[in-house]
1. Sequence gap at least 6, Cα distance under 8 Å: using those rules, report the relative contact order of the chain to the nearest whole percent.
2. Highest mean first, what order results for 516-525, 547-556 on Cβ atoms within 10 Å?
3. Please tell me which of these pairs span more than 18 angstrom C-alpha to C-alpha: K50/K144; K438/K527; K276/K658; K242/K280?
4. Just order 175-181, 585-591 by mean Cβ neighbour count inside 10 Å, highest at the front, would you?
5. Gain in length, S588 to K70, computed as 0.36 nm per residue apart minus the alpha-carbon separation, to one decimal in nm?
6. Could you line up D513, D409 from fewest to most neighbouring Cβ atoms inside 10 Å?
7. Counting only other residues whose beta carbon sits under 12 Å from that of I466, what net charge do I get with K and R as +1, D and E as -1?
8. Could you work out the Kirkwood radius for the chain, taking every pair of different alpha carbons, averaging 1/r and inverting it, reported in Å?
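Bear in mind that the values in this text are calculations on the coordinates, not laboratory data. Nothing here was measured: the structure is a model prediction, and the numbers come from that model. Heads up, the Cβs are rebuilt from the backbone with ideal geometry, glycines too, and the neighbour counts pull from every protein chain shown.
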Amino acid sequence: MNNFDYLLKDLTKLKGVGKKTAEIYKKKNINNIFDLLWRLPQSFVDRSEKSKINELQIGKIHTLNVEVKKYSFPRIRNLPNRVVCEDNTGKIDCVFFNSYEGYIKKILPLNENVTISGKISYFNNKYQITNPTYVSKDSSLIEKIHTKYRLTGGLTQKIYNKLIDQILKNLPIFVEWHDNRIMKNFNYISWNDSIRKLHNPKNIGDYNSYYYKRLAFDEILASFLISSEIRKKIKKIKKKSKFFTNKSYTETLSKLNFKLTKDQIKSLMQINEDFKSKKKMFRLLQGDVGSGKTIVALISALNVIESGYQVAFMAPTEILANQHYNLAKNLFSNKINIEILTSKTDYNDKKRIINKINSKVPSIFFGTHALFQKKIIFNNLGYIIIDEQHKFGVKQRKFLSDKGGANCDVLLMSATPIPRTLIMSVYGDMDISIIKEKPKHRKEIITYSKPETKINEIIKFVKKEINKGYQIFWVCPLIDESKKIDHESAVNKYKYLEKIFPKDVSLLHGKVDKFKKESILKNFLDKKFKILVSTTVIEVGIDFPNANTIIIENANKFGLSQLHQLRGRVGRGSNVSTCILIFKNNLSLNAKKRINILKKTNDGFKIAEEDMKLRGFGDLLGFKQSGLKKFKLADPIQNEDLFTLAEKEIKRIEKEEKNLDKYKFLLKLYDQADIINDII
Ligand code: ADP
Ligand code: MG
C-alpha cells in the first residue's frame, strides 16, 4: 500500500509548495500532507446563488454574471482603477487599489462574460465590488460553497484551497478498516468520501451527517486505540508478584479512628490484587476532593514494604509532601522507615537519604519532583504513588511507569472529576478505581451566593468567623492569564482587607515565586495570619483544617468544577464550613442555573457532568493541561453516542483482533503526538 505514504509525505511534495512555505508550516506543526488535510475549514462562504444587479443588497456577498464594458485607469496616486461591468439589469464597478493594469485586463477581459463574487458596497450612486478576488470566466469555479481556512505564512485562501484540491485529487484509496457493524452507523460512507465532503460541503453546518460522524468516530477510535495499546503494552511487562501477609496492614486499619468507606476498601482490594498479580499495575485512583485517597495510598504501601520493596510517594508541592509525610509518621509510628526528600532538604540529609535508597532497605520516600532527579537511582522500587498530577499527559505517565522498572507498580491519584464520556479519552491507558462515596459524618459545606453590593454583610460574617478562631480563603479570579493583569484584583482586595484586618491578611498570586509561596502557605497553616487573599494558585490537596470559609469573587468567571475544587479547600475539619460565591449583579439565566447546581450538590462527578453540558468540555477544569487529546471533530457533548460506540468497539477489538494491522493507517494518521511510534 505504497500510496498511503502520500499523506505522510513532506509538504514540498505538493505542487506550488516550496521549501520556504514548508518551513513556515512546520513552525505551525504542520509537517506532512495529512496535517494540512486535517486542518478543518473554519468557515464557509456560500457563493453558489447568482444574483442580478438590480437585486443586490449592500453589505452582502453576491455572485454575478456580468460583461466587462469599460476600463478606467486614472494614473493618479490614490485614485483606484475601475472596471465597469453590466448585466441586463444594471451596472456595477469593480474597483482595484494597488493592482496593475495588466493583471486587471487579464482577469476582466474587455467585452467578455465573467463571473464575479464579492461584498457589495455603494459609492457615488453606484454599486461596486472592491478588490474582487473571486473572478473567473469559468463560472463553476465561483458558483459554489467556498471553504475558508486559518491561514499562515502569507498564503491566500485561493492558494490554500488549491492545495486542498490537489491533495483530494491524489487521495490514496484505503481498504476499509471498520466492520460492517460499525459502518452501518454511518451509512457505509468511506473515509475518502467523508474527507472530500468535509472540504467540499454541500450544506453549511453538516454536523449531523454521516461523513462528519464517521470522521469523528475515526478520530475517537484512534485515540482510544492508542491508549489501549499503551495499556496492553504495560500489562505485558512481567513483574515479580508481591507476597505479603497483610499483617501491618490490618494492624493499621484497626488503629484508624474512623471506618474506611466501602469505596476505599474496594479500591484497596483492587490495588492488592494488582500487587499479587504478575502484571505491572498502572492504576488511577480517582475520587472527589476529600474522598480520602491519601489514606488508601498509604495503607496500600504497607504491603509493598512488607514484600521487601521501597516506595516513592510524589506530591506536587512541598507542603503537600510534608503533610503526607507527617500523616505517615503518625499512622505507622516508628515501625517503618519513612523519609522525605524535596528541593529544600539539606546536603547531609540528602546524602543520608540517597544512601538509604541505595541500600535497598524497604522504606517510604515522600517528596516532590526532586525524588525523580536523574542522580537518584532507585534499584529496589516496588511502588510509585503520584498525587494530584492532573497535568500529566499520556506520555509523561508512560515515562514514570518506565522509570520505576519492571517490578514497580504505579498508582496515580486525581481529584479532577471527569464526565463519564471522557474517562476513556483521558485515562484509557490506565485501570481505574473510583471513590464515589464521601466519608460519613463529614459536615457539608454550606454554599451561599451574594451580590457584590452586600460586601458589608460578608465582612461582618468574616469578622465573626475570625473571632471564633477560624481562617478564611479569599479567592479573586484570574482576569486574563495572557495579559499579566491576573493579580490586580487580588492586590486591590488585599489592600482593602488589610485596612479592615490589619496584619491579619496575606497575598498570594501567580507572580509570587515558588519558595515564597510555600512559606506563605506554611504560615497560613501555622495560623500566623487569618485571611489568605489569592488568585487560584492554591494547589489542591493540602489540608487546612482550621480554614472554614472560602469566599470566591466574580464566581461566574470560574467553571463549576473549578468552583467545586476551590470549595473543597475548606470542609476538611470537623466544623461546619461556608463557601460564599460573590457575583456582579444581573446574572444571566445560565449563570443562575450553574450556581444552583453548586448549591444543590457536593458531588464532583455530577458537577463535572452538568458543567460540561452547560459550558462545553473545552472549559472544564484541568482539561487544557490534562491528557485529553484535543479532538478536531468529535465533540463529547454532541457525539456522546459515538464515544459510547467507540468504547464498545475497543472492548471488542481488545478481545477479538490479534493485531492492529487493519487499523494501521488510522493510527498513523490520527496519532499527532507520535505516541504509536514510541510504543508499538
Ligand atoms: P483527598 O481524596 O482529597 O486526597 P484526603 O485523603 O486528604 O482526601 O482526606 C481528607 C480527610 O478525610 C483527611 O483528613 C482524612 O484523614 C479524612 N478521611 C479519610 N478517609 C476517611 C474516612 N473513611 N472517614 C473519615 N475521615 C476520613
Ligand atoms: Mg489529596
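1. Here the relative contact order equals 13 percent.
2. The most tightly packed comes first, giving 547-556, 516-525.
3. Listed pairs above 18 Å: K438/K527; K276/K658.
4. The densest-packed peptide leads the list: 175-181, 585-591.
5. That works out to 180.8 nm of additional length.
6. Ascending Cβ contact count within 10 Å gives the list D513, D409.
7. +4
8. 29.6 Å
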